[in-house]
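First the structure, in the form of structure tokens, and then the observations on it.
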Amino acid sequence: MALIAAAASCLAQGDPARLAAAQKEGSVTLYTSFAERDLPPIAAAFEKKYGIKLRVWRSASEKVLQRTLAEAAARRYEVDAVHSSAMEMEALHREGLLRPVDSPHARDLIEGAVRPHREWTASYLSIWVQAYNTRLVKKDELPRSFEDLLDPRWKGRLGIESHVWDWYSSVILRMGEPKGLAFFRELVAKNGLSVRSGHTLLNNLVVAGDVPMALTMYNFIADGAKRKGADVDWIALEPLIGRMSGIGVMRRAPHPNATLLFHEWLLSPEGQAILASLDYVPTNAKVESPFAKRKFTLVDPAFALDHSDKWEKSFEDVIVKGARR
């Protein structure tokens, strides 16, 4: 394990021998759930800097996990690194498929980005914000707290994504479990929630005006729509909740030096600036983001895995079934 730490440090510092070893390997195979449109600029920047090919297989986070586990069970060691959502990365750690890496950039990352076991590290955050249609929701009526959403003016105007039990549980626990559960039950009973499957669909419904305000929209989706001229903007109510996505190096990576180089580049200010330009929230505190001065709570992936049954059922009972009544 000390060798991995030393290799990562040397690569980040530009050690010629280590860099030459990485370039001799020639490529890195990455399994990832990055949005497809964002992969070309990431790959192009890395390949231009180091002359090492980034080979990518992309799918939804659950499928990335399934393929990685299936290949490991079949003793097929083709993937070098995995970049996916926090719970999937934590599952790979629990399966013993990742190796610890002591990143020289760790000291610059936000609290919580470096996991206690060091087998994966958060590279960016997806922050849930409240997106709204600017034609239908005026600035002077915007809520200042979640409790403001209990006002009758919001009846029939609110939407939520159908698989955000981790956001739901995090908000409730920050409020205090009895108070938080009571809030969501009251919100559904008084004003209702339109439950929609998929953040992209929910965002499109906000843009079209079918859902005037979405309670659970990723900041980068709303920003992308706004940049394209859509009538959409967002606010961020407290408690502000963030979901991590991160990168891990496989224990049996066939291109270990090149993989460590990509790992360190992605966490460096240069790699993080690329992510920020794509509207992701970087975990490297040296890179600017719209949330740099905001306090937020990160979903703890270990807690989420251990308590998923409880909170998925609660979300289904309170939000999904409640919305159907």
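The values are calculated or read from the model by the stated rules, or taken from the named source; none is laboratory data. No experiment lies behind these values; they were computed from the predicted model shown. When we count neighbours, we look across all protein chains shown, and the Cβ atoms used for this are built from the backbone with ideal geometry, even at glycine.
To keep it simple, each residue is scored yes or no on (1) of a type outside the set (Asp, Glu); (2) surrounded by fewer than 23 Cβ atoms within 10 Å (Cβ to Cβ); (3) assigned to a strand (DSSP E or B).
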| site | (1), (2), (3) |
| --- | --- |
| ARG118 | yes, yes, no |
| VAL129 | yes, no, yes |
| TYR132 | yes, no, yes |
| ARG135 | yes, yes, no |
| ASP140 | no, yes, no |
| PRO143 | yes, yes, no |
| ASP148 | no, yes, no |
| GLY156 | yes, yes, no |
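Within the bounds of the stretch 41-50, is there any residue that is closer than 25 Å to ARG243 by Cβ, exposed (fewer than 14 other Cβ atoms within 10 Å of the Cβ) and either in contact with a helix residue (DSSP H, G or I) (Cβ under 9 Å, 6 or more places away or on another chain) or modelled with pLDDT under 95 (or both)?
Checked the stretch 41-50: at least one residue is closer than 25 Å to ARG243 by Cβ, exposed (fewer than 14 other Cβ atoms within 10 Å of the Cβ) and either in contact with a helix residue (DSSP H, G or I) (Cβ under 9 Å, 6 or more places away or on another chain) or modelled with pLDDT under 95 (or both).
Scanning for something assigned by TED's automatic domain parsing to the domain that holds SER308, in contact with a Leu (Cβ under 7 Å, 6 or more places away or on another chain) and not β-branched (Val, Ile, Thr), does the stretch 74-81 turn up at least one residue?
Among the residues of the stretch 74-81, not one is assigned by TED's automatic domain parsing to the domain that holds SER308, in contact with a Leu (Cβ under 7 Å, 6 or more places away or on another chain) and not β-branched (Val, Ile, Thr), which makes the answer no.
Quick check on LEU3: is it modelled with pLDDT of 95 or more and not hydroxyl-bearing (Ser, Thr, Tyr)?
Spelling it out, it is not the case that LEU3 is modelled with pLDDT of 95 or more and not hydroxyl-bearing (Ser, Thr, Tyr).
Which condition from (1) touching a residue at least 24 places away in the same chain (Cβ under 8 Å); (2) over 26 Å from PHE291 (Cβ atoms); (3) assigned to a helix (DSSP H, G or I) is the one that GLY96 breaks?
(3)
Only residues that are of a type in the set (Lys, Arg), touching a residue at least 12 places away in the same chain (Cβ under 8 Å) and more than 23 Å from LEU125 (Cα to Cα): list them for the stretch 27-82, please.
LYS49, LYS53, ARG55, ARG67
Select, from ALA113, ALA74, the only residue that is crowded, with 21+ Cβ neighbours inside 10 Å, among the aliphatic types (A, V, I, L, M) and on the phi < 0 side of the Ramachandran plot.
ALA113
Those residues that are β-branched (Val, Ile, Thr) and outside any strand (DSSP E or B), I need them from the stretch 218-273; list them, please.
Of everything in the stretch 218-273, those that are β-branched (Val, Ile, Thr) and outside any strand (DSSP E or B) turn out to be ILE221, THR259.
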